[in-house]
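A.B. asks: The structure under discussion is supplied below as structure tokens; questions concerning it will follow.
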Amino acid sequence: MRIEDSRVLEALPKLQVELQRSVSLAELTSLGIGGTTDLLRIQRHDSIPELLALLEEHHIAHKFLGGGSNLLVIDGELPFVVLQLGQPRPDVVIEGDTAYVDAAVDLGKTVTFCAKNNLGGMEGLIGVPGTVGGALRMNAGAYGTQIGSCVREVKVYRAATHEIKILKGPEISFEYRHTSFAPDDMMLAVTLQLPSKPYQEILQGIRICNEKRRASQPLGQKSAGCIFKNPSGASAGRMIDELGLKGFSVGDARVSDRHANFFVNSGRASAADMLRLIADVRQRVEHAYGVTLENEVVVWNA
Ligand code: EPU
């Protein structure tokens, strides 16, 4: 989608919003799939209510992009513009046992920055790609740690009421790959409360998780991490593997040989290829196990 309305274009510099024309989402997502659209990079949180009101007034559909690491975007000219937060400075502020982190900050960078300040508790999250905002929305987790358990409060833009709000930890429910944020809440920043630990001890935990991940996941390839959520008490990866589907492909969309719940773009996979692979694998698992796998990957198809 191309923003043409002159009133919107004139307002952007005043709001400190940078417009990038015809950006390829394939370049901004870890799957390397997705069509093109205009991108608006937001430099100040407090300009968001006005920006969103302007877009709504001019009927410009929009979506919020985090790190693009858990996302499958359709091909072609996209019917929406994309909003992304710019990187503020400073982006992580430590105070005692808390860390205030802007939502645009890389999660891995946050884990290591906190570690260097002797704040642990997030070792399991090392290697989870994406931004802190994306991790919060999905309650990202690995190796026994979920980000939700470290949250003291979250700053969000709530589209329904056009306001920036601070939500206290107990007001938000964090479950397995699910949160109680509204679908169009935009994560802006989080205050994490973390246990104090010596750096060397945290580093040891980080190394262990890195090794486990390297041994079991296709890290060098284009993927969106796990495609499906694990059903209660079962592993989607194990079921897909048991059906002999490692290496199964539709075009260049392929079930990883290393971890069957990772689907990789082995060349020039289209969104249609990836969606067909997802549907086909889901159907086979349903047929064999009577379990309907739910997407973990977020799909932007309209
Ligand atoms: N397994 C297989 N074949 C496979 C993959 C896994 O037999 O191809 C078996 C493993 O041997 C193991 C079991 O299935 O016995 C579970 O596998 P794993 O430890 O790799 O964990 P997972 O349940 O597949 C989850 C998260 C990952 C996270 C890891 C480590 C989900 C959907 N996935 O994977 O998160 O990194 O645990 O904690 O919850 C993600 O969310 O994108 C993600 C990668």
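The values are calculated or read from the model by the stated rules, or taken from the named source; none is laboratory data. In this text, all values refer to a predicted model and were calculated from it rather than measured experimentally. Cβ placement follows ideal geometry from the backbone for every residue including glycine, while neighbour counts extend to all protein chains displayed. Heads up: the accessible areas ignore ligands, DNA and RNA and are worked out on the full protein's heavy atoms, side chains in. Shrake-Rupley method; radii C 1.70, N 1.55, O 1.52, S 1.80 Å.
A.B. asks: Any chance the stretch 251-262 includes a residue that's outside any helix (DSSP H, G or I), touching a Leu at 6+ places or on another chain (Cβ under 8 Å) and among the aromatic types (Phe, Trp, Tyr)?
C.D. replies: no
A.B. asks: Determine whether Ala288 is at pLDDT 95 or above and surrounded by 16 or more Cβ atoms within 10 Å (Cβ to Cβ).
C.D. replies: The answer is no for Ala288.
A.B. asks: What number of residues within the stretch 107-130 satisfy the criterion of being within 16 Å of the ligand (Cβ to nearest atom) and out of contact with any Lys or Arg (no Cβ under 6 Å at 6 or more places or on another chain)?
C.D. replies: Matching residues across the stretch 107-130 total 12.
A.B. asks: Moving on. Filter the stretch 183-209 down to the residues that are out of contact with any helix residue (DSSP H, G or I) (no Cβ under 7 Å at 6 or more places or on another chain), open to solvent by 30 Å² or more (accessible area, probe 1.4 Å) and outside any strand (DSSP E or B) and list them by number.
C.D. replies: Pro183, Asp184, Pro195, Lys197, Pro198, Gln200, Glu201, Gln204, Arg207, Ile208
A.B. asks: Among residues belonging to the stretch 1-31 that are part of a strand (DSSP E or B) and open to solvent by less than 60 Å² (accessible area, probe 1.4 Å), point out the one that is farthest from Arg254 (Cα to Cα).
C.D. replies: Val17
A.B. asks: In this structure, is Ile240 within 15 Å of the ligand (Cβ to nearest atom), closer than 26 Å to Phe64 by Cβ and in a helix (DSSP H, G or I)?
C.D. replies: When the stated conditions are applied, Ile240 does not pass them.
A.B. asks: Could you tell me which residue of the stretch 172-182 is farthest from Ser232 (Cα to Cα), considering only residues that are assigned to a strand (DSSP E or B) and more than 14 Å from the chain's Cα centre (by Cα)?
C.D. replies: From the stretch 172-182, those assigned to a strand (DSSP E or B) are 174-175, 178-179; that's our starting set.
Subset that is more than 14 Å from the chain's Cα centre (by Cα): 174-175.
Numbers: Phe174: 16, Glu175: 12 Å.
The extreme case among them is Phe174.
A.B. asks: List the strands (runs of 3 or more DSSP E) inside the stretch 33-147, counting only whole elements, that have at least 1 residues being within 15 Å of Trp300 (Cα to Cα). Explain how you work it out, then say what you get.
C.D. replies: Working: elements: 36-42, 62-64, 71-73, 81-85, 92-95, 98-102.
Strands (runs of 3 or more DSSP E) meeting the threshold: 36-42, 62-64, 71-73, 81-85.
A.B. asks: Next question. Starting from the stretch 64-81, keep only residues that are at pLDDT 95 or above, then list their pairs with residues that are among the acidic types (Asp, Glu) whose Cβ atoms are within a distance under 6 Å, requiring at least 6 positions of separation or different chains.
C.D. replies: Final answer for the pair search is Val81/Asp38.
A.B. asks: A further question follows. Mind checking whether some residue in the stretch 149-158 is open to solvent by less than 20 Å² (accessible area, probe 1.4 Å), without any contact (Cβ under 8 Å) to a residue 60 or more places away in the chain and within 14 Å of the ligand (Cβ to nearest atom)?
C.D. replies: Checked the stretch 149-158: no residue is open to solvent by less than 20 Å² (accessible area, probe 1.4 Å), without any contact (Cβ under 8 Å) to a residue 60 or more places away in the chain and within 14 Å of the ligand (Cβ to nearest atom).
A.B. asks: For the stretch 171-181, which positions are surrounded by fewer than 17 Cβ atoms within 10 Å (Cβ to Cβ) and either of a type in the set (Ser, Thr, Tyr) or modelled with pLDDT under 95 (or both)?
C.D. replies: Once the filter is applied, which keeps residues that are surrounded by fewer than 17 Cβ atoms within 10 Å (Cβ to Cβ) and either of a type in the set (Ser, Thr, Tyr) or modelled with pLDDT under 95 (or both), the stretch 171-181 yields Ser173, Tyr176, Ser180.
A.B. asks: List pairs: first residue in the stretch 241-266 and among the β-branched types (Val, Ile, Thr), second residue open to solvent by less than 60 Å² (accessible area, probe 1.4 Å) and not in a loop (DSSP other than H, G, I, E, B) anywhere in the structure, Cβ distance under 6 angstrom, at least six positions apart or on different chains.
C.D. replies: Sorted first by the residue in the stretch 241-266, then by its partner, the pairs are Val250/Asp273; Val250/Leu277; Val255/Phe263; Val264/Ser223.
A.B. asks: Another one. Kindly establish whether Leu136 is within 16 Å of the ligand (Cβ to nearest atom), closer than 28 Å to Gly220 by Cβ and of a type outside the set (Lys, Arg).
C.D. replies: yes
A.B. asks: Within the stretch 268-285, take every residue that is within 14 Å of Gly247 (Cβ to Cβ) and among the hydrophobic types (A, V, I, L, M, F, W, C) and give me the one that is surrounded by the fewest Cβ atoms within 10 Å (Cβ to Cβ).
C.D. replies: Leu277
A.B. asks: Could we say that Glu296 is of a type in the set (Asp, Glu) and surrounded by 15 or more Cβ atoms within 10 Å (Cβ to Cβ) here?
C.D. replies: yes
A.B. asks: Can you tell me how many residues in the stretch 212-226 are more than 8 Å from the ligand (Cβ to nearest atom), closer than 20 Å to Gly124 by Cα and either among the hydroxyl-bearing types (Ser, Thr, Tyr) or touching a residue at least 12 places away in the same chain (Cβ under 8 Å) (or both)?
C.D. replies: Going residue by residue through the stretch 212-226, those that are more than 8 Å from the ligand (Cβ to nearest atom) are 214-215, 218-223.
Narrowing further to those that are closer than 20 Å to Gly124 by Cα: 214-215, 218-220, 223.
Still in the list and also either among the hydroxyl-bearing types (Ser, Thr, Tyr) or touching a residue at least 12 places away in the same chain (Cβ under 8 Å) (or both): 218-219, 223.
The qualifying residues number 3.
A.B. asks: Could you list all residues from the stretch 244-267 that are open to solvent by 50 Å² or more (accessible area, probe 1.4 Å) and of a type in the set (Ser, Thr, Tyr)?
C.D. replies: Ser249, Ser266
A.B. asks: I've got another one for you. Could we say that Asn301 is under 20 Å from Ser69 (Cβ atoms) and open to solvent by 70 Å² or more (accessible area, probe 1.4 Å) here?
C.D. replies: In short, yes.
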